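Heads up: the structure comes next, in structure tokens.
Nothing in this text is a laboratory measurement; each read-out follows from the coordinates by a stated rule. Since the model is a prediction, treat every value here as computed from it, not as a measurement. Here the Cβ positions follow ideal geometry from the backbone for every residue, glycine too, while neighbour counts run over all protein chains shown.
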Amino acid sequence: MTYQSQCCIGGEYEQCPVYSQDIKNNLPANIAVSKPKKKTLQRIVLPAVLLVIVSALFFLRADIALRFSEVLTSTSSVEAAYFATSTETQLPTITPTRTPFIIYSSTPTNTPFSTLTFTPTITATPVATAGPNFATPFGPDKSYLIHSIRAGESFAALENKYHTTKEVIEAINILPSGSGLWPGTKLVIMPGQIDPANLPKFEVVFLDQQMDVIEIAGMYSASVEDIRYYNELSSSCESIPAGRWLIVPVLK
């Protein structure tokens, strides 16, 4: 400071060695102030860093050693468990069994044969065939037929056609007294018969379903034999099919 006040600040600044010399970087040696040394900081920091590194290496080695010890312990436990649980497999022992002797008898044994069972054959009930068509003679000696009245037909026409009489037609059919002939009416005709005495009376019946002869006889108070006789049925006929016309003798 004394130097600066005398030379640099005063009027003799030209005598200042700094001013008179072309020095850009460093001051002259006689006025330069020595710089503080950095070795003190280095002496403190470097040992601390080395200490940290050494500590880290120590702990790292300790951790590695601990993990390796755990692996060895686990392996030893597994081996111990394996050898502890493994047992020898006992092979099954074969026990010989005695086969009993079979003693065969010299006396033959009769084996019963199965008995055949015969099932009786069901005999079909005789059924009559379809009846005769209209105007076709049937019955004993083919002396009867069924005629269906057409529109405009009269007793005179029937008399001329079948060589019979009105009295015979009225005697063998159930007709209201004094009535005429209606189309579709079914009549029993005896071709060539002209005497009305002692003739049976009939009712024309159409079967819309199969019926037994005895059932028909009961409905019309007739005998089974008469129904078979006048309709030319066999004596063994028990049932008559549907769709057939019959003449059933009735009481007068």
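Each other residue within a Cβ distance under 12 Å of Val168 adds +1 if Lys or Arg and -1 if Asp or Glu, for a net charge of -2.
Which residues in segment 154-182 have a backbone N closer than 15 Å to a point placed 7 Å from the Cα of Lys201 along the Cα-to-Cβ line? Only 167-179 pass the distance filter. Hull volume per residue, based on the alpha-carbon atoms of segment 143-217 and their convex hull, is 113 Å³.
Taking the number of Cβ atoms within 10 Å of each Cβ as an exposure proxy, the fewest-first ranking of His147, His163 is His163, His147.
Going from the residue with the fewest nearby Cβ atoms within 10 Å to the one with the most, Tyr162, Tyr229 rank Tyr229, Tyr162. The local environment of Val213, defined by Cβ-Cβ distances under 11 Å, has a net charge of -4 under the rule Lys, Arg +1 and Asp, Glu -1. Going from the fewest other Cβ atoms within 10 Å to the most, the residues Val52, Val213 appear in the order Val52, Val213. Given their separation in residues at 0.36 nm each and the Cα-Cα distance between them, Asp226 and Asp141 gain 29.1 nm when the chain is fully extended.
Taking 0.36 nm per residue of separation and subtracting the current Cα-Cα distance, fully stretching the chain between Thr185 and Glu167 would add 4.7 nm.
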